[in-house]
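Visitor: The structure that follows is given in the form of structure tokens.
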Amino acid sequence: MAEIVGAIALSHAPGMTGWLDKAKPEVQRNLLEGYRKLGRIVRDAKPDVIVGLANDHILNLPVDNTPDFCVGTADVWRGPGDWFKDWLKVPDYTVKGNRELARTLVREADKRGIKFAFSETLQFDDNFSVPLYYLTPDYDIPLVPIHMNCVMPPLPSPRHCFETGRAIAEIIRDHRPASERVLIMGTGGLAHDPGGPRYFEVNPEFDRWFLDLLATGDSERIINECTIEKMVAAGDGGTTELLAWIAAMGAVGDKPARTICYEAPPELRCGMGAVVWHPA
Amino acid sequence: MGIQNTDRTLPTNRMIFDVRRDMALYNRFRQNPDPVMDQYKLSPAEKAAVKALDLATLSEMGVHPYFLPQLTRLFHGSADNHNASAALEAYYRSIVAREGVRGRNG
């Protein structure tokens, strides 16, 4: 059976690459050190492929037909999307996909009653461009992207996201080659309110609560307490991106998450953090 | 306002979805938004609010919140999207100042 070699989650706010210089020097330093440390954790896990779960930002999943999850099945991905280049200020990049793994996820999920959409033409904005820039700057670890509907109601519930993450891990273990090493990555959050009246504010109280909750490793409690309503109240337009973290957690189950870094810079308009779950 | 208030059928939502994905369409929109808004069958009220960057009204109509700051970038550009940028100043005027919310701390 293939191996889930670990799971991580991190924030992907565009200011992390686009205007990080506006944050306080110590905040810049802490975030850069944290993201580099997480990059070393990724590399030390020696994954053959990263399965990434991230908010789609209503970029690929159309408003008239919005699936909860869309698996990227292409052999190669290019980013960032053209319109997002000025915004993110990351170099153009190419990263391999893994068509066979992606197709396996779709095919086997169907048998479990989970209907994934799939696509070969996903555009990446900050959702994968920011994490890849810091974690795998050589873009040398293949990525199977899974774009999620985290912001267009009705949203998938935390429980559904957790169970989908668990199904992804089970499918990988049961249906992929024994030598394959897979890392699960969730991206998004923490509290932020793009499009709302609190866009210029951050919410460290919620962020700390969430990170402490993840540290319990009690998935049932996390699913029950971190409700859609609580996330929306913490920052309407973006905090529900943490559904991607909950999906990543589903791949490892009842394991405590360890916080690698956390800052809440108003200049980035988003709580910024990163966690790692103990190797699965 | 809020994500729960989104009207997925509102033509403005479909237009912004497409414009960000297609640089040729974006360039046409940037040059002259009127023909693009006509193509997507925006109502007169939607067109007026888009052209005025009246984000609060667009929000009340059911534009997804995530699209509101993106609309400011469609008009003012995306580079250096920090809190003092033209795009964020436009956002602040239309949403934050109008809501009477204070606490702009960045």
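Since every read-out is calculated from the coordinates, none of them should be taken as a lab result. Only a predicted model underlies this, so the values are computations on that prediction, with no experimental measurement involved. Every residue, glycine among them, receives a Cβ derived from its backbone with ideal geometry; neighbour counts consider all protein chains shown.
Visitor: Below 8 Å between Cα atoms, with a sequence gap of 6+, how large is the relative contact order for chain A in percent?
Guide: For chain A, the relative contact order is 34 percent.
Visitor: Step through the table entries A:LYS22/A:LYS89; A:LYS85/B:LYS41; A:LYS85/A:LYS230, compare each Cα-Cα distance with 24 Å, and write down the pairs that go over it. Walk me through the intermediate numbers first.
Guide: Values: A:LYS22/A:LYS89 14 Å; A:LYS85/B:LYS41 29 Å; A:LYS85/A:LYS230 33 Å.
Long pairs (Cα-Cα over 24 Å): A:LYS85/B:LYS41; A:LYS85/A:LYS230.
Visitor: In whole percent, what relative contact order does chain B give with Cα contacts below 8 Å and a gap of six or more residues?
Guide: Working: 98 pairs, mean separation 31.7, N = 106.
Dividing the mean separation by the residue count of chain B yields 30 percent.
Visitor: Cα centroid distance between segment A:232-259 and segment A:1-68, in Å?
Guide: That distance is 13 Å.
Visitor: Using a ≥ b ≥ c from the Cα gyration tensor of chain A (square roots of the eigenvalues), is it rounded, prolate or oblate, where a/c under 1.5 gives rounded and otherwise the larger of a/b and b/c decides, a/b for prolate?
Guide: Rounded shape, in that the Cα axes give a/c under 1.5.
Visitor: Residues of segment B:66-82 with the amide nitrogen closer than 13 Å to a label point 7 Å from the Cα of B:ARG98, along Cα-to-Cβ, please.
Guide: B:68-69, B:72
Visitor: Local charge sum around A:ALA191 (other residues, Cβ-Cβ under 11 Å, Lys/Arg +1, Asp/Glu -1)?
Guide: -2
Visitor: Give a residue-ordered list of calculated ³J(HN,Hα) values for segment A:240-251 (Karplus: 6.51 cos²θ - 1.76 cosθ + 1.60, θ = phi - 60°; whole Hz; x for Gly, Pro).
Guide: Working through the residues one at a time gives 5, 4, 5, 4, 5, 5, 5, 5, 4, 4, x, 6 Hz.
Visitor: Report, as an integer, the average count of C-beta atoms from other chains found within 10 Å of each Cβ along A:195-208. The partial results should precede the final answer.
Guide: Working: counts 18, 12, 13, 6, 12, 12, 7, 3, 0, 0, 0, 0, 0, 0.
What the average comes to for A:195-208 is 6.
Visitor: Where does each of A:96-108, A:22-34, A:52-64 land if you order them by average Cβ count within 10 Å, highest first? Kindly include the intermediate steps, with their values, before the conclusion.
Guide: Values: A:96-108: 18.8, A:22-34: 15.6, A:52-64: 23.0.
Those peptides, ordered most packed to least, come out A:52-64, A:96-108, A:22-34.
Visitor: Would you pull out the residues with amide H under 5 Å of A:PHE69's amide H, same chain only if 5 or more places away, H placed 1.01 Å from N?
Guide: A:ALA117, A:ASN149
Visitor: How do B:38-51, A:154-167, A:181-194 rank on mean C-beta neighbours within 10 Å, highest first?
Guide: In decreasing order of mean packing, B:38-51, A:154-167, A:181-194 become A:181-194, A:154-167, B:38-51.
Visitor: Right, here's the next one. I'd like the Karplus ³J(HN,Hα) series for segment A:266-272: coefficients 6.51, -1.76, 1.60, θ = phi - 60°, whole numbers in Hz, and an x wherever there's a Gly or Pro.
Guide: These are the phi-based 3J(HN,Hα) values: x, 5, 9, 6, 6, x, 10 Hz.
Visitor: Please state the shape class of segment B:3-99: rounded when a/c is under 1.5, otherwise prolate if a/b exceeds b/c and oblate if not, all from the C-alpha gyration tensor.
Guide: On the way: a/c = 1.66, a/b = 1.12, b/c = 1.48.
Here segment B:3-99 falls in the oblate category.
Visitor: Please state the charge dipole magnitude for the protein assembly as shown, taken about the Cα centre, from unit charges on C-beta atoms (+1 on K and R, -1 on D and E), reported in debye and rounded to the nearest 20. Don't skip to the end; give the middle numbers.
Guide: Values: 44 positive and 50 negative charges, 61 e Å.
Computed about the Cα centre, the dipole is about 300 debye.
Visitor: Still on this structure: Show which aspartates and glutamates lie in cross-link reach of B:LYS47 when reach means a straight Cα distance below 17 angstrom and same-chain residues fewer than eight apart are skipped.
Guide: Within the straight-line limit of under 17 Å, B:LYS47 reaches these aspartates and glutamates: B:ASP7, B:ASP18, B:ASP34, B:ASP38, B:GLU60.
Visitor: In addition: Starting from the amide H of A:ILE260, placed 1.01 Å from N in the peptide plane, find each other amide H under 5 Å away whose residue is 5 or more places distant or on another chain.
Guide: Those qualifying (amide H under 5 Å, at least 5 residues apart or on another chain) are A:ALA274, A:VAL275, A:VAL276.
Visitor: Right, next: Pop out the ³J(HN,Hα) list for segment B:30-47 in order, Karplus 6.51 cos²θ - 1.76 cosθ + 1.60 with θ = phi - 60°, rounded to Hz; leave Gly and Pro as x.
Guide: Taking θ as phi minus 60°, the curve returns 5, 5, 7, x, 4, x, 5, 5, 5, 4, 8, 6, 5, 6, x, 5, 5, 4 Hz for segment B:30-47.
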